[in-house]
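The values are calculated or read from the model by the stated rules, or taken from the named source; none is laboratory data. Source: prediction; values computed, not measured. For neighbour counting, all protein chains shown are included, and Cβ atoms are generated from backbone atoms with ideal geometry for every residue, glycine included. All accessible areas refer to the heavy atoms of the entire protein, side chains included, with ligands and DNA or RNA removed. Shrake-Rupley method; radii C 1.70, N 1.55, O 1.52, S 1.80 Å.
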Amino acid sequence: MQTQILSPSPRQIERAAEALRQGQLVAIPTETVYGLAGNGLDEAAVTQIFAVKERPRFNPLILHLAAGIPLETLQGWLLDLSAFTPVAQERLATLTNTFWPGPLTLVLPKSTLVPDLVSSGLPTVALRVPAHPVAQALLQALQMPLAAPSANRFGRISPTSARAVYAELSGRIPYILDGGPCAVGVESTVLKLSPEGIPTLLRPGGIPLETLEAHLGLRIRLPAESTGSSAHPRESPGQLSSHYAPSKPLLLLPRGIFQLQPADWQQIQSQSLGHARVGILGFSREPEKLLQHLQPHFPAATLHLEVLDPDPSLAASSLFASLRRLDEGAATLLLAEPPPLQQGLGHAMMDRLQRASRPWNPLPP
Ligand code: TXA
Ligand code: MG
């Protein structure tokens with residue numbers, strides 16, 4: 001199959017919409033990452049999504065919706081909120097009024113209309129209203145929910161540009177709708193709301209935890225298994241401990257590059273022995289200084305530096321693109337500095353870097 005990249009003109013958006021109506025898959029831009037979209041109520045289309053991504057069936061999908069659908073309409077359609085208490089209803093309304101459209105995914109009790117394949121047999125479904133204008137134009141034209149996981153092959157780095165989707169899925173899908181680089185750059189925050197109104201964070205993402213807590217006026221639970229190592233985590237099935245991984249070994253440094261101690265350096269040097277090209281992801285506004293500081297520690301290696309802004313919102317939009325460049329470049333070992341601020345989007349970035357490095361930590365000596 002030839003994969004065509006479509007510009008987001010009204011005609012091409014209609015072409016993508018027509019393909020989706022016919023049960024085909026289209027990669028679409030969102031403000032977080034690109035999604036691999038198909039009709040979320042059509043089992044055949046959803047089956048294709050799992051196949052194209054090589055994604056295990058136990059990992060459920062998010063349904064993407066057009067903006068402006070009232071909660072009452074969702075209740076009679078995709079959701080079954082009959083067990084929701086008034087407090088839960090009120091919190092749900094606060095969340096949707098404040099954060100939709102935007103990078104917040106809500107996990108809620110599903111109606112029987114949602115195929116079990118979408119929810120991996122769970123009694124809940126994940127819903128999100130993306131803020132990207134091209135995604136919205138498409139959803140408004142379709143008037144059906146789009147199931148859309150990130151448009152990468154399973155376990156790999158999420159794509160934040162049409163080119164990155166092409167690198168992941170070319171030959172497997174007919175169209176990629178090009179909406180430019182993704183503004184947020186990390187996936188949506190996934191929040192589960194119980195019928196009693198208790199929120200649980202299932203995945204840190206585009207909306208910071210602190211922001212959600214401020215609007216709800218309460219603390220949000222973190223599930224114990226969010227850092228667990230189970231291959232089939234139950235409460236948050238998608239949160240496999242290893243994920244978002246480059247194909248090269250990635251080592252997450254124990255602290256900021258300027259804070260590394262002699263013992264840290266000893267370990268880094270022993271782990272990078274034999275690597276003539278080392279890729280480094282760092283956070284700095286002075287890349288030359290960073291390079292000057294690093295080079296003496298790698299006397300025998302060429303360093304390939306990807307530098308992100310220390311401001312987490314600016315860094316997040318480039319994180320996956322930088323990781324992808326390092327992965328596609330000549331370096332054979334990658335080192336990543338932890339984000340200097342782990343609040344706001346720094347929390348989601350740290351989560352992704354931990355998961356990306358997990359298959360490789362600790363590296364074999
Ligand atoms: O930003 C995003 O959310 C992107 C864009 C394309 O919208 N999509 C995305 O989809 O990241 P995906 O499939 O890569 O991640 C969906 C996450 C997974 O961690 C999955 O386990 C979780 O949502 N999820 C979906 N349905 C769930 C459910 N019923 N209960 C718990 N977690 C669920
Ligand atoms: Mg994903």
Quiz item: So, of the residues in the range 116-130 that are more than 6 Å from ligand 1 (Cβ to nearest atom) and among the aliphatic types (A, V, I, L, M), which turns out to be nearest to ARG203 (Cα to Cα)?
Solution: LEU127
Quiz item: So is GLU210 at pLDDT 95 or above, surrounded by fewer than 20 Cβ atoms within 10 Å (Cβ to Cβ) and closer than 26 Å to PRO223 by Cβ or not?
Solution: yes
Quiz item: Could you list, in sequence order, the residues of the range 307-338 that are of a type outside the set (D, E, K, R), in contact with a helix residue (DSSP H, G or I) (Cβ under 6 Å, 6 or more places away or on another chain) and open to solvent by 20 Å² or more (accessible area, probe 1.4 Å)?
Solution: VAL307, SER313
Exercise. Filter the range 94-103 down to residues that are out of contact with any Gly (no Cβ under 6 Å at 6 or more places or on another chain) and either of a type in the set (S, T, N, Q) or near ligand 1 (Cβ under 9 Å from one of its atoms) (or both), then give me how many there are.
Key: 4
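Yes/no matrix, rows are residues, columns are (1) within 16 Å of ligand 2 (Cβ to nearest atom); (2) more than 17 Å from the chain's Cα centre (by Cα); (3) of a type outside the set (D, E, K, R):
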{"position": "GLN140", "(1), (2), (3)": "no, yes, yes"}
{"position": "ALA148", "(1), (2), (3)": "yes, no, yes"}
{"position": "SER158", "(1), (2), (3)": "yes, no, yes"}
{"position": "VAL165", "(1), (2), (3)": "yes, no, yes"}
{"position": "LEU169", "(1), (2), (3)": "yes, no, yes"}
{"position": "PRO181", "(1), (2), (3)": "no, no, yes"}
Quiz item: Restricting attention to the range 34-65, which residues are touching a Leu at 6+ places or on another chain (Cβ under 8 Å), open to solvent by 10 Å² or more (accessible area, probe 1.4 Å) and in a loop (DSSP other than H, G, I, E, B)?
Solution: LEU41, ARG57, PRO60
Quiz item: List pairs: first in the range 22-33 and under 15 Å from VAL46 (Cβ atoms) and open to solvent by 10 Å² or more (accessible area, probe 1.4 Å), second more than 9 Å from ligand 1 (Cβ to nearest atom) and hydroxyl-bearing (Ser, Thr, Tyr), Cβ under 8 Å, 6+ apart or cross-chain?
Solution: GLN24/TYR175
Quiz item: Within the range 307-323, can one find any residue that is closer than 22 Å to ILE157 by Cα, without any contact (Cβ under 8 Å) to a residue 24 or more places away in the chain and in a helix (DSSP H, G or I)?
Solution: yes
Exercise. Please tell me if GLU286 is acidic (Asp, Glu) and over 15 Å from SER247 (Cα atoms).
Key: yes
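This table checks each residue for (1) more than 23 Å from GLN48 (Cβ to Cβ); (2) within 9 Å of ligand 1 (Cβ to nearest atom); (3) of a type in the set (Phe, Trp, Tyr); (4) open to solvent by less than 20 Å² (accessible area, probe 1.4 Å).
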position: VAL114; (1), (2), (3), (4): no, no, no, yes
position: PRO133; (1), (2), (3), (4): yes, no, no, no
position: ALA148; (1), (2), (3), (4): no, yes, no, yes
position: ILE173; (1), (2), (3), (4): no, no, no, yes
position: SER188; (1), (2), (3), (4): no, yes, no, yes
position: LYS192; (1), (2), (3), (4): yes, yes, no, no
position: GLY205; (1), (2), (3), (4): yes, yes, no, yes
position: LEU216; (1), (2), (3), (4): yes, no, no, no
Quiz prompt | Count - residues of the range 259-300 that are surrounded by 11 or more Cβ atoms within 10 Å (Cβ to Cβ), over 29 Å from the mean Cα position of the chain (by Cα), of a type in the set (A, V, I, L, M, F, W, C) and assigned to a helix (DSSP H, G or I) | solution = 3
Exercise. Please identify the pairs in which a residue from the range 64-78 that is over 13 Å from GLN143 (Cα atoms) and not assigned by TED's automatic domain parsing to the domain that holds PRO103 has its Cβ atom under 9 Å from the Cβ atom of a residue that is at pLDDT 95 or above and open to solvent by 10 Å² or more (accessible area, probe 1.4 Å), counting only partners at least 6 apart or on another chain.
Key: none
Exercise. Scan the range 176-186 for residues that are buried (at least 20 other Cβ atoms within 10 Å of the Cβ) and at negative phi and report the count.
Key: 7
